[in-house]
Amino acid sequence: MEYRAVRKSFSAGQPVLEDFTLSVASRETVALLGPSGCGKTTALKLGNRLLDADAGEVRVNGRDVRDEDPVRLRRAIGYVIQDSGLFPHWDVRRNVETVPALLGWSEARRRERSEELLTMVGLPPREFAS
């Protein structure tokens, strides 16, 4: 992911991001740190086209995000949100299966995928699902 001289303003006209430049290599982990309102979330939303930049370029895998289908782009990018995005009253498996259920996946396919993902991150499926 690469940001080149990106600018983004909202209605007040004051830029949230001005000449923002950042390059993140494939499989590299980066943390954006800073005070509230400094543009961290805005930068992430520009990367997955929840917002579009006013100026500059945002590229993923060398391609301008404006030329990409937003849904496909979002499926290829992962990030951790600041506040909890999980349902705390649900078990891990149900949280993992929420989006696939919304996409219409069969129960068997959801179960298979959730077991695969839980195993991948070292959580025994039998212990993290009711």
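The values are calculated or read from the model by the stated rules, or taken from the named source; none is laboratory data. Just so it is clear, the model here is predicted, and its values are computed rather than measured. We place every Cβ from the backbone using ideal geometry, glycine too, and count neighbours over all the protein chains shown.
Filtered by the rule that a residue be in contact (Cβ under 8 Å) with a residue 24 or more places away in the chain and over 20 Å from GLY78 (Cα atoms), region 21-59 gives ASP54, ALA55, GLY56.
Just to be sure, is LEU103 loosely packed, with under 10 Cβ neighbours inside 10 Å, within 18 Å of the chain's Cα centre (by Cα) and without any contact (Cβ under 8 Å) to a residue 12 or more places away in the chain? So that I can check it myself, show each step before the final result.
Numbers: loosely packed, with under 10 Cβ neighbours inside 10 Å: yes; within 18 Å of the chain's Cα centre (by Cα): yes; without any contact (Cβ under 8 Å) to a residue 12 or more places away in the chain: yes.
Yes.
For region 65-74: of the residues being surrounded by 11 or more Cβ atoms within 10 Å (Cβ to Cβ) and outside any loop (DSSP other than H, G, I, E, B), which is modelled with the lowest pLDDT? Top of the filtered list is ARG74.
Only one residue in GLY56, GLY62 is out of contact with any His (no Cβ under 7 Å at 6 or more places or on another chain), surrounded by 13 or more Cβ atoms within 10 Å (Cβ to Cβ) and not charged (D, E, K, R). Which one? Spell out how you get there, then give the answer.
Working: GLY62 fails: surrounded by 13 or more Cβ atoms within 10 Å (Cβ to Cβ).
On inspection, the qualifying residue turns out to be GLY56.
The set of residues from region 1-38 being more than 16 Å from LEU51 (Cα to Cα), hydroxyl-bearing (Ser, Thr, Tyr) and not in a loop (DSSP other than H, G, I, E, B) comprises THR21, SER23.
Can you find a residue that is part of a strand (DSSP E or B) and out of contact with any strand residue (DSSP E or B) (no Cβ under 7 Å at 6 or more places or on another chain) anywhere in region 78-96?
If we filter region 78-96 for residues that are part of a strand (DSSP E or B), which is where we start, we get none.
No, that holds for no residue.
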